[in-house]
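Worksheet for the structure shown next.
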Amino acid sequence: MFRVKSSFKTELEIQAPVKKVCEFFRNLANFTDLLGGVDSIRRESGGIARWTIATDTPVGRVRLSLPVRETSPHANVIEWSPAINENQNLLRYQLKFEEQNGATLVRVSQQVELRRNRAWDLHPGVGLMGEARLSAALERRINEAIEGFLARVKERLEGDDPGTKRAT
């Protein structure tokens, strides 16, 4: 089995009320607008949200579809986990929100794992790189994208940007 993995963890303080921050992150349109590489997020039946991600890799452009389902019953936590029966493109992320002196502390955790029987099932050029090298490249790109995304989120929420979309 060929596996490519990436993980990301960080904390971010946003000078905005916890309710406003939670609403922002619950609106999936904000991810497609502000998170590089996310082409679309489409809601499907059964509570599934299908994330379509496109990224350039050292071996060429890769486009993936990652079906996830919301899994947290807690109001102060947003958690998406792989859809039941998904065994190739696994995305899990969690956002925990904690109010601190009028600001909101956001704890972010994300894991991505791509599984294929053979490397070339992911992309014809992947066999030339190997799991470790491709995982490192994927992690670097994801980290850069999420860090940029969080900086834009902080700027938008703290600046009370009128372009902020309302939760749907």
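The values are calculated or read from the model by the stated rules, or taken from the named source; none is laboratory data. These numbers were taken from a predicted model, which means no experiment stands behind them. Using ideal geometry, Cβ is built from the backbone for each residue, glycine included, and neighbour counts are taken over all protein chains shown. Only protein heavy atoms, including side chains, enter the accessible area calculation; ligands, DNA and RNA are left aside. Shrake-Rupley method; radii C 1.70, N 1.55, O 1.52, S 1.80 Å.
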Quick check: net charge around residue 10, other residues with Cβ under 9 Å of its Cβ, Lys/Arg +1 and Asp/Glu -1?
0
Using 14 Å as the cut-off for backbone N distance, which residues of region 28-67 belong to the label zone defined by a point 7 Å from the Cα of residue 10 along Cα→Cβ?
35-36
Which angle from 0 to 90°, rounded to the nearest 10, does the C-alpha axis of helix 131-159 make with the longest principal axis of the chain?
20
Before rounding to the nearest 500, sum -39500 (n - 2.57) across all DSSP H runs of length at least 4 in the chain and divide by the residue total; then give [θ] at 222 nm in deg cm²/dmol.
-8500 deg cm²/dmol
Students often get this wrong, so try it: which of (1) 10.3; (2) 9.7; (3) 13.5 is mean projected area of the Cα convex hull in nm² as calculated from the structure shown?
(2)
Accessible surface, per residue, of the chain when the full set of protein chains is kept, probe 1.4 Å, Å²
54
Heavy atoms of residue 51: accessible area, 1.4 Å probe, square angstrom to 10
10
Efficiency of FRET between residue 19 and residue 136 - r from beta-carbon atoms, R0 30 angstrom, step 0.05:
0.20
What net charge do the residues around residue 38 carry, taking every other residue with its C-beta under 13 Å from that of residue 38, with Lys and Arg at +1 and Asp and Glu at -1?
+3
R0 = 35 Å: FRET efficiency of residue 100 with residue 29, Cβ-based, nearest 0.05?
0.80
By accessible area of protein heavy atoms, probe 1.4 Å, what ranking do 95, 138 get, highest first?
138, 95
Accessible area of residue 43 in the full protein assembly, 1.4 Å probe (Å², nearest 10)
150
What is the distance, in nm, between label points placed 7 Å from the Cα along the Cα-to-Cβ direction at residue 85 and at residue 69?
1.0
Could you work out what % of the accessible surface of region 38-168 is carbon and sulfur, using a 1.4 angstrom probe and leaving DNA, RNA and ligands out of the count?
46
Residues with beta-carbon under 13 Å from that of residue 89, excluding residue 89: net charge, scoring Lys, Arg +1 and Asp, Glu -1?
+4
